[in-house]
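All remarks here apply to the structure that follows.
Readers should treat all values here as calculations from the given coordinates under stated rules, not as data from a laboratory. All of these numbers come straight from a predicted model, not from anything done at the bench. Ideal geometry is used to build each Cβ from the backbone, glycine not excepted, and the neighbour counts take in all protein chains shown.
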Amino acid sequence: MVRGVACLRINLAMRKWMEIAGKKAKSLAEAISGRRSTPSFDGAAIPPADLEKILKAGLAAPSGYNMQPWRFIVVQSREQKKKLRAASYNQAKVEEASAVIVACGDADGWRKDLDEMLEMGRAGGMPESYAAQAQSSVPAYLSSFSSDQMKAWLNKQVMLAYTHMLLMAEVLGYDTAPMEGFEQDRVHEALRLPMSYWVVALLAVGHLKGTDKFDGGRFGLSHTVFGEEFGKALTLK
Ligand SMILES: Cc1cc2nc3c(=O)[nH]c(=O)nc-3n(C[C@H](O)[C@H](O)[C@H](O)COP(=O)(O)O)c2cc1C
């Protein structure tokens with residue numbers, strides 16, 4: 001109880017501080033319902049502590065076999081943002097954002113990381129039988145992929161971490177813009193990425209400048225959700 005009150009006080013103090021700093025902290029529900037893809041940013045720098053929180057939220061995401069094949073390049077310098085903008089169909093928000101997180105998947109990550117992942121797992125209580133099974137099934141599964149299958153697998157994993165980051169940024173009071181408008185080869189060149197990297201999406205983070213984007217609306221549950229099998233309406237009692 002006392003702990004709960006202390007947490008509430010810290011939470012309120014954090015919200016107050018963020019309001020003073022010009023950012024409005026939000027609940028996750030507020031972040032989800034009020035988020036828009038920011039059309040333009042004011043360019044103000046993002047404090048390193050906030051950036052760290054956003055990045056760590058991404059790293060906390062689940063992934064297949066816990067292989068965590070995501071890699072992120074955080075672009076903040078004027079020079080690199082300029083290069084990245086040129087590789088992103090000249091989208092101005094790439095250069096205006098406080099930071100652009102370039103979300104990539106490493107097709108070879110599992111080759112290097114499997115043993116370390118299993119060590120971490122053992123430290124957290126992974127049973128030896130599970131570790132032995134993963135030791136053989138992860139290489140068998142992932143090495144069987146074609147290049148296209150690997151890209152699809154990486155897209156899945158990376159977008160989960162990416163979404164964690166986007167939502168954490170919004171909860172902290174930042175504005176965000178997801179972006180798929182970029183040229184793979186040009187981003188590779190601009191950021192000097194290894195050949196095994198696959199660029200999945202860019203995430204621009206910063207503060208909205210000017211008017212926010214219109215609300216494009218969303219299809220409702222009856223349009224997109226079925227219950228039990230395709231075509232049957234879901235009943236929510
Ligand atoms: C994966 C992904 C890639 C996107 N790429 C771009 C982009 O390159 N440029 C852009 O202006 N908007 C981009 N968007 C934003 C979408 O247009 C936007 O999410 C959609 O219109 C819905 O608007 P809202 O995000 O404001 O609700 C992207 C969104 C997603 C999820």
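Things to note:
- With contributions of -39500 (n - 2.57) from each DSSP H run of at least four residues, the per-residue ellipticity at 222 nm computed over the chain stands at -15500 deg cm²/dmol.
- The loop-placed chymotrypsin sites (Phe, Trp or Tyr not before Pro) in segment 148-226, going by DSSP, that have at most 16 neighbouring Cβ atoms within 10 Å of their Cβ come out as Phe214, Phe219, Phe226.
- Separation of the Ser33 and His223 label points, Cα + 7 Å toward Cβ, nm: 1.9
- GNM result for the chain, Cα springs below 10 Å: residue of Lys23, Lys93, Lys112 fluctuating most strongly: Lys112
- Couplings 3J(HN,Hα) for segment 72-81, derived from phi with the Karplus relation 6.51 cos²θ - 1.76 cosθ + 1.60 (θ = phi - 60°), are 10, 10, 9, 9, 10, 6, 4, 5, 5, 5 Hz, where x marks Gly and Pro.
- Footprinting exposure proxy ranking of Ile32, Ile73, Ile54, fewest other C-beta atoms within 10 angstrom first, gives Ile32, Ile73, Ile54.
- Where a label projected 7 Å from the Cα of Ala45 along Cα→Cβ would reach, residues of segment 61-102 with amide N under 19 Å: 74-82, 95-101
- The lysine pair count for segment 13-131, using Cα distances under 20 Å and pairs eight or more places apart or on different chains, is 12.
- Magnitude of the charge dipole for the chain, about its Cα centre and with charges confined to Cβ atoms of Lys, Arg (+1) and Asp, Glu (-1), is about 820 debye.
- Gained length - Lys213 relative to Glu52, 0.36 nm times residue gap less alpha-carbon distance: 55.3 nm
- Exposed GluC sites (Glu not before Pro) absent: longest stretch of the chain, with sites in DSSP loops and at most 12 other Cβ within 10 Å deemed exposed: 1-179
- The modelled label-to-label distance for the pair Leu59/Gln149, using points 7 Å beyond Cα in the direction of Cβ, is 3.1 nm.
- Global geometry of segment 45-103, whether rounded, prolate or oblate, following the gyration tensor of its Cα atoms and the 1.5 cut on a/c: oblate
- The chain: mean projected area of Cα convex hull, nm²: 17.7
- For segment 135-201, the set of trypsin sites (Lys or Arg not before Pro) satisfying both a DSSP loop assignment and a count of at most 12 other C-beta atoms within 10 Å is given as Arg192.
- Per principal axis, descending, Cα span of segment 183-237 in whole Å: 52, 37, 17
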